[in-house]
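The block underneath contains the structure these notes are about, expressed in structure tokens.
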Amino acid sequence: MNCYAVILAGGRGERLWPVASAKCPKPLLPLGGEGRSLLRAAYERVAPVVGAAGKVYLVTDAGQAGRMRAALDLPEEQVLVEPEGRNTAPAIGLAAAYLSDRDPRAAMIVLPADHLVRKEEEFRRVLRAALGAAAQGHLVTLGIRPTFPATGYGYLRRGTKLMQSEERDVFRVAAFAEKPDQDTARRYVASGEYSWNSGVFVWRVDRILEEIDRHVPDLAKVLDDLSPELVSSRGDPELARRWAEIVPVSVDYGVMEKAGDVAMIPADVGWSDVGDWHAVWEALQRGVGEVASWGKHVGQDTARCLVWTTPGKVVATLGVQDAAVVDTPHALLVADLGRTQEIRALAREARPAAPDWEELRGHDSAGMLSVLEAFPVQCRDALARGQAADAPESLAGFRRVLCAGMGGSGITGDLLARLLTVEVSPHRGYDLPHTVDEGTLLVGISYSGNTEETLTAFRQGLERTSRAMAITAGGELARLCGERGIPWLEIPSGLQPRAALGYLLLSSVPWFSGWGVLRYDVGPALKLLEDMAGELAPGRSGNVAQQLAENLHNCVPLVYAGDPLTSVAAFRWKTQINENAKQPAFWADLPELCHNEIVGYELTQALLPSACVVFLRSSFDHPRVRARVDILKEVLDRRGLQHLEVWARGESPAEQLLSLLYLGDWTSAYLALRNRVDPSSVQPIEELKERLGSGQSS
Ligand code: PA5
């Protein structure tokens, strides 16, 4: 009989808080023995029974699919992705529907991805016996001989003997029992009639589909409508819509308790569901004083303890008994080792509540969010200001542009480099490169007009070229231009420089257009910015910028981009996160980072455990860059590093560029609020300028 294995990788492991989480789900914890994850151990346990690696399938939800697939190195077609987890019956139904198309009479072994089995060879022998019973049409489940009166497991009551398979007795299941209280559990264990329900099932594909049809008709209806292509599709909105209709139900409750032909085979396989820290303590190798540890632990007079810590951190215990000490970068759990089954409620309480953005808005004392909301208006005003005066004829005919500017003003040079047809060099610093000559248009850009480096470079440039202009709200730069008769674009004062990007960038666009060197028309992008303002302003539901801020909260963002358009956006995300949200952030370019940064992942988890890669994506990404991003994601998954992806919006390069910049600005401002800091204040920058006596330079 043809045989497939289906590993269900949906469990999050709530009672293994604070280690297990959506970002680090329980199947990926290294508890499978010999440093393997539980998922890998499940795979290696079952693969020899089905005979070929190509016959092991994984069912997981969309949020986890990448991580799970990478952890097993499975080809994409062996990973069936539920749009969202709906408990075990739909997950099993999905796999059965898919396999039925290949061979409806095939056998199907279903096993959870997050259990531990110490006696793997015996487990495989039991499975082979179960396959014999499944061939006869029975729905077989493995019954684990209880070793203590557990209250955390469901139980099976053994009925009459049905048959023998591979010299093992196969029994009818007389009853399923829900998780019992302590007294009932004791009675069950003492009676010798009960086994733990292991969640491991063996049946023929056609038989489980028949039973789903009979007992969960709504699910059967959805499964009937799914084509194999749809089942194996990823992110298909049709599948997501149909899946959302399904009422979540477990296969035990929805099918097995109601089906007529349910059999069990007793199994003594060293099974544990590793469901809580006590179970982890049992699963791990214990040393002196029955202490089990993961990570670096030093202890004195410490006994019967579980100690878990993150790489790079040491936990020291003195005079501690019967405790679970679980340390992560974000949370520390100290619990009585005998009470770790009770952790669920505590974990819920300890988890940060969803942010109250309305309350957090109080940190925006200088009104950064309002400025952001009015950004499209600022952009239109900026274009109008540029249009108000003709591009000065005296400056025309330049071969290249050099933009001298720092920080929030300096990025204007990088952006112009993407928007113009001539070479644009952003210059950040004092001394100009030797290439500045009469063929160079020198653009001094300083919002305040008083930035030391910008003024020094601008003054130097005036000695080398007569083609010079400035963009500023005033200060020394405006004075200098007035004194020397240099054309300058005056922009409104009173904003934070980085919040004045619309003015800094777009006021000069009509001039560059007049000189015939504008590559992309930015006008149509303003409509998109207006739409985005409507979606990202405070109080909008499903606010993507708030969600991103929440994802990046307590993280060190590593912002990656793979195209000149997105790389300037990545740089802007980094600087905005620094200045607005007051937190560290870094950025890097693809494909370059594949030649250096990627090697640093080896120690990232130890040295920067809260790193989170943010891929800025664009439809203009080079196909080979796309391939690299896919591989990188797998590498990150394998290393247990978080990542997320942000796509540029719109069709044109200008739309894609501005949409990413705008989303980054919103995200950094919300992140500031999440960090309970004022996005507008940049005290350290001001202090430094003050100490250097900015504006005094010559
Ligand atoms: O955003 C900021 O506040 C800074 O990055 C400034 O832009 C930077 O210090 C340069 O000042 P200015 O833009 O006034 O030249």
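The values are calculated or read from the model by the stated rules, or taken from the named source; none is laboratory data. Source: prediction; values computed, not measured. Because the Cβ atoms are built from the backbone with ideal geometry, glycine has one as well, and the counts that use them run over all protein chains shown. The protein model used for the area step is the full one, side chains on, heavy atoms only, and it has no ligands, DNA or RNA in it. Shrake-Rupley method; radii C 1.70, N 1.55, O 1.52, S 1.80 Å.
Relative contact order for the range 115-265: what is it in percent, counting Cα pairs under 8 Å that are at least 6 residues apart?
After rounding, I find 32 percent.
Round to a whole number: what % of the accessible area of the range 368-519 belongs to carbon and sulfur, probe 1.4 Å?
Carbon and sulfur atoms account for 48 percent of the accessible area of the range 368-519.
Which whole number of Å³ per residue matches the convex hull of the alpha-carbon atoms in the range 320-415?
221 Å³
Just how large is the dipole of the chain about the Cα centre, in debye to the nearest 20, putting +1 at every Lys and Arg Cβ and -1 at every Asp and Glu Cβ?
About 1160 debye.
Which translational diffusion coefficient, to the nearest whole µm²/s, is obtained for the range 99-253 from the Stokes-Einstein equation, given a Kirkwood hydrodynamic radius over C-alpha pairs, 4 °C and 1.567 mPa s?
Details: Rh = 17.5 Å.
Stokes-Einstein gives a translational diffusion coefficient of 74 µm²/s.
Put +1 on the Cβ of each Lys and Arg and -1 on the Cβ of each Asp and Glu in the chain; which of 451, 240, 543 then has its Cα farthest toward the positive end of the dipole?
With unit charges placed on the Cβ atoms, the residue in question is 240.
With every protein chain left in place, what is the accessible area of residue 276 in Å² (1.4 Å probe, nearest 10)?
Roughly 10 Å² of residue 276 is accessible to a 1.4 Å probe.
What ranking of 317, 421 comes out by heavy-atom accessible area, probe 1.4 Å, highest first? Could you put the intermediate results ahead of the total?
Working: 317 15, 421 80 Å².
Reading off the accessible areas and sorting them downward yields 421, 317.
What percent do you get for the relative contact order of the chain when only Cα pairs under 8 Å and 6+ apart count?
This gives 11 percent for the chain.
What are the extents of the Cα atoms of the range 3-275 along their three principal axes, in Å, largest first?
Ordered largest first, the range 3-275 gives principal extents of 51, 40, 35 Å.
So what's the Cα pair-distance distribution over the range 593-687, bin width 5 Å, in %?
Bins of 5 Å from zero give 3, 10, 16, 17, 16, 18, 13, 6, 1, 0 percent of pairs.
Taking the Cα atoms of the range 468-602, what is the range of coordinates along each of the three principal axes, in descending order and whole Å?
Extents along the principal axes, in whole Å: 56, 41, 30.
How far is the Cα center of the range 100-140 from the Cα center of the range 257-288, in Å?
Rounded to whole Å, the Cα centres lie 16 Å apart.
Could I get the Rg over Rh figure for the range 353-485? Both from C-alpha atoms, Rh via Kirkwood, rounded to two places.
Checking Rg against Rh, the ratio lands at 1.07.
Using only the C-alpha atoms of the range 520-676, find the volume of their convex hull and express it per residue in Å³. Could you put the intermediate results ahead of the total?
Numbers: hull volume 16.2 nm³, N = 157.
Residue-normalised Cα hull volume stands at 103 Å³.
Using the heavy atoms of the protein chains alone and a 1.4 angstrom probe, what is the accessible area of the chain per residue in square angstrom?
42 Å²
Keeping all protein chains in place and using 1.4 angstrom, which order do 365, 567, 513 fall into by accessible surface area, from largest down?
365, 513, 567
Roughly how many debye, to the nearest 20, is the charge dipole of the range 1-45 about its Cα centre, given +1 on each Lys and Arg Cβ, -1 on each Asp and Glu Cβ, and no other charges?
That gives the range 1-45 a dipole magnitude of about 120 debye.
About the Cα centre, and with charges only on the beta carbon of Lys, Arg (+1) and Asp, Glu (-1), how big is the dipole of the range 534-683? Nearest 20 debye, please.
Dipole size: approximately 240 debye.
Out of 75, 217, 139, whose Cα points farthest toward the positive end of the dipole of the range 3-275 (charges: +1 Lys, Arg; -1 Asp, Glu; placed on Cβ)?
Checking the options against the dipole of the range 3-275, the answer is 139.
Can you list the HN-Hα couplings for the range 671-683, worked out from phi with the Karplus curve (6.51, -1.76, 1.60; θ = phi - 60°), rounded to whole Hz and with x for Gly and Pro?
Values per residue, Gly and Pro as x: 4, 4, 5, 4, 7, 6, 10, 7, x, 7, 6, 9, 3 Hz.
Please state the relative contact order of the range 278-350 as a whole percent: Cα pairs under 8 Å, 6+ residues apart?
Reported as a whole number, the value is 23 percent.
With runs of 4+ DSSP H residues as the only contributors, calculate the mean residue ellipticity of the chain at 222 nm using -39,500 (n - 2.57) per run, divided by the residue total and rounded to the nearest 500.
Roughly -11500 deg cm²/dmol at 222 nm, from the helical runs in the chain.
Of the accessible area of the range 534-683, with the probe set at 1.4 angstrom, what percent is carbon plus sulfur?
Answer for the range 534-683 is 54 percent, counting heavy atoms of protein chains only.
In the chain, what cysteines have no partner Cβ closer than 4.7 Å?
3, 24, 305, 379, 403, 481, 594 - these cysteines have no disulfide-compatible partner (Cβ-Cβ under 4.7 Å) in the chain.
Can you give the accessible area of residue 314 in Å² (nearest 10), computed on protein heavy atoms with a 1.4 Å probe?
80 Å²
Using only the Cα atoms of the range 578-635, each taken as one equal point scatterer with no solvent, compute I(q) by the Debye sum, divide by I(0), and report log10 of the ratio at q = 0.12, 0.18, 0.24 Å⁻¹.
-0.34, -0.74, -1.12
Given the range 493-545 reduced to its alpha-carbon atoms as identical point scatterers, what log10 I(q)/I(0) does the Debye formula return at q = 0.31 Å⁻¹?
Relative scattering, expressed as log10 I(q)/I(0), comes to -1.11.
Can you pull the percent of Cα pairs in the range 49-155 with separation above 15 Å?
In whole percent, the long-distance tail amounts to 72.
How do 69, 628, 519 stack up against each other in accessible area, from largest to smallest, with a 1.4 angstrom probe? Don't skip to the answer; put the middle values down first.
Working: 69 55, 628 85, 519 125 Å².
Largest accessible area first, the list is 519, 628, 69.
Report Rg (one decimal) and Dmax (nearest whole number) for the range 275-331, counting Cα atoms only, units Å.
Just the Cα atoms of the range 275-331 yield Rg and Dmax of 10.4, 29 Å.
Which percent, to the nearest 5, of DSSP beta bridges fully inside the chain are antiparallel?
Values: 29 of 95 bridges.
Counting only bridges with both partners in the chain, antiparallel ones make up about 30 percent.
How much of the accessible area of the range 1-146, probe 1.4 Å, is carbon plus sulfur, in whole percent?
Here it works out to 45 percent.
Assuming 0.692 mPa s and 37 °C, estimate D for the chain with Stokes-Einstein, Rh taken as the Kirkwood radius over Cα pairs, in µm²/s.
113 µm²/s
Sum up the charges of everything whose Cβ sits under 13 Å from the Cβ of residue 329, counting Lys and Arg as +1 and Asp and Glu as -1, but leave residue 329 out.
+1
To the nearest Å, what is the center-to-center distance of the range 581-657 and the range 497-566, using C-alpha atoms only?
19 Å
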